[in-house]
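One structure is given here, and the rest of the page talks about it.
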Amino acid sequence: MTKLFTPTRLGRLSLRNRIVMAPMTRSRAGRQDEPTETMAVYYGQRASAGLIVSEGIYPSPAGKGYCRTPGLVTPEQVAGWRRVTDAVHAAGGTIVAQLMHCGRIAHADNKASDAETVAPSAIQAHGEMYTDRAGMQPFATPRALRSDEIPGVVAEYGQATERAYEAGFDGVELHGTSGYLPAQFLSTGTNHREDRYGGPAPSRARFALEALEAMAAVDGADRVGLRICPGNPFNDLSDDDPEETFRVLLSEVRGLGLAYCHVIRLHGVALDNVALAAECFGGALIVNDGYGLEEATEVVERGGAAAVSFARSFIANPDLVRRFELGAELARFDPKTLYTPGPEGYTDYPALAEG
Ligand SMILES: Cc1cc2nc3c(=O)[nH]c(=O)nc-3n(C[C@H](O)[C@H](O)[C@H](O)COP(=O)(O)O)c2cc1C
């Protein structure tokens, strides 16, 4: 048996194999942004993964960006997530909550009427996002956070972590890429601050580091992961020197003793994100983006990563692990139902027949 199918530990997390389900926003939350029974079914169907990283979850109402995305704020949301974690645990799986504060990647129509859109600087992202009310709309212009407000935003990550544990999650992951709040602080294009959270790389890295410290303070760093993609241009993100930025961030994060770093590689660029993370983070890596069975087997076998995460392959293949074991063909997903409400294109992809 190849190493990909063998158990491992990442900090305090026990994985029964090294095939991780990557976080995927699917916009199926209920009316109060609570996880529904259908979401519990969806995650339970995929629990044979060694680890599931949940879809991005907002830690505070201001952190919501997209329509029908779930939160970890209210008792109803905690109760909804409890259904999800129970379903995953009943099937023998492990699941962490991805905390995703969208910052400026938001639209007022997608969040509560009293929830603001905030960011390191008042710079609107170029581009549009979907709203249920009016279709595609330009991104909001954010309000720049005052220096004295930032500790409160950092503390929200700690509070959301407490609720994640109350809801039965095995750990938490900080979403540190894709143009959302921690990435907005890290990057020169979105962070024009002149206080201790802006300017040189150690100052731009401060917010992400403090958010991780707040998450680790709840019940240890060995239940906490960090997701990164140095140089990622998604959601109008730009940084003058992503290599330097992430060298600084990861060198500081290294001392925390996190469970893992979840690193997304970039294709067609000089910067090798996996090599950078291996060198500067030093701990266990989950690698991602565009892996198939063969390449995943190879990278785990030679010790280049502790585990590999798969996003799109899990959409139409709830039993991805078994299909990999059998060398079975993978089903394709329907892109039209990625973000539509309801079970269609969500919980109706069948597992392979037994036998
Ligand atoms: C429908 C969809 C939703 C996604 N939502 C998230 C998310 O909430 N958080 C996140 O970190 N990445 C998100 N991603 C990115 C994936 O986790 C992953 O990095 C990407 O799809 C590449 O992996 P793959 O080649 O295995 O699909 C999403 C991807 C897809 C396809």
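Phi angles across the stretch 165-175 convert, under the Karplus curve 6.51 cos²θ - 1.76 cosθ + 1.60 with θ = phi - 60°, into 3J(HN,Hα) values of 5, 4, 7, x, 5, 7, x, 9, 10, 7, 7 Hz, Gly and Pro given as x. Using θ = phi - 60° in the Karplus curve 6.51 cos²θ - 1.76 cosθ + 1.60, the 3J(HN,Hα) couplings for the stretch 77-91 round to 5, 4, 5, x, 5, 4, 4, 5, 5, 4, 5, 5, 5, 4, 8 Hz; x is entered for Gly and Pro.
Run through every distinct alpha carbon pair of the stretch 267-335 and return the Kirkwood hydrodynamic radius in angstroms, one decimal place. Don't jump to the answer; show the numbers that get you there.
Details: mean 1/r = 0.0745 Å⁻¹.
One over the average 1/r among Cα pairs gives 13.4 Å for the stretch 267-335.
Please work out, to two decimal places, the log10 of the ratio I(q)/I(0) at q = 0.16, 0.21 Å⁻¹ from a Debye calculation in which every Cα of the stretch 16-169 carries one identical scatterer. So the normalised log intensities work out to -0.87, -1.27. Across all directions, the shadow cast by the convex hull of the chain built on its C-alpha atoms averages 16.3 square nanometres. Listed by chain and number, the lysines placed with their C-alpha closer than 24 angstrom to that of LYS336 are LYS64, LYS111; residues fewer than eight positions away on the same chain are left out. Close amide-amide hydrogen proximity is noted between GLU173 and ALA97, GLN98, LEU99, GLY225, each under 5 Å apart and 5 or more residues distant or on a separate chain (H modeled in the peptide plane; Pro and chain starts excluded). Applying a DSSP loop filter and a limit of 16 other Cβ atoms within 10 Å to the GluC sites (Glu not before Pro) in the stretch 54-146 leaves GLU116.
Using the 10 angstrom Cβ neighbour count as an exposure proxy, how do LEU285, LEU99 rank, fewest first? Intermediate values should be presented prior to the final figure.
On the way: LEU285 23, LEU99 30.
The most exposed by this proxy come first: LEU285, LEU99.
Based only on other Cβ atoms within 10 Å, what is the fewest-to-most ordering of MET215, MET1, MET136?
Working: MET215 30, MET1 7, MET136 10.
Fewest-to-most Cβ neighbours within 10 Å comes out as MET1, MET136, MET215.
The label-point distance for ARG332 and GLN124, in a model that sets each label 7 Å from Cα toward Cβ, rounds to 3.8 nm.
Across the alpha-carbon atoms of the stretch 189-273, the computed radius of gyration and Dmax are 13.4, 39 angstrom. Treating cross-link reach as a plain straight distance, find the aspartates and glutamates whose alpha-carbon is under 15 Å from the alpha-carbon of LYS3, omitting any fewer than eight places away in the same chain. Excluding near neighbours in sequence, the set is GLU294, GLU295, GLU298, GLU301, GLU325.
Taking amide hydrogens as placed 1.01 Å from N in the peptide plane, the amide H of ARG12 sits under 5 Å from those of ARG223, each at least 5 positions away in sequence or on another chain. Looking at the chain, the DSSP beta bridges with both ends there are about 20 percent antiparallel. Take every DSSP beta bridge whose two residues both sit in the stretch 33-180; close to 25 percent of them are antiparallel. P(r) tail, the stretch 173-319: Cα-Cα pairs separated by more than 28 Å, 18% of all pairs. Between PRO70, PRO142, PRO335, the residue with the greatest mean-square fluctuation in the GNM of the chain (Cα pairs under 10 Å linked by springs) is PRO335.
For VAL73, the amide hydrogen comes within under 5 Å of the amide hydrogens of VAL78, counting only partners 5 or more places away or on other chains and with H modelled in the peptide plane. In a DSSP loop and with at most 14 other Cβ atoms within 10 Å, the GluC sites (Glu not before Pro) in the stretch 314-349 are GLU329, GLU344.
Read-outs throughout are calculated quantities, based only on the coordinates presented, and are distinct from any laboratory measurement. In this text the structure is predicted, and so the values were computed from the model without any measurement. Please note: Cβ atoms are built from the backbone with ideal geometry, for glycine as well, and neighbour counts cover all protein chains shown.
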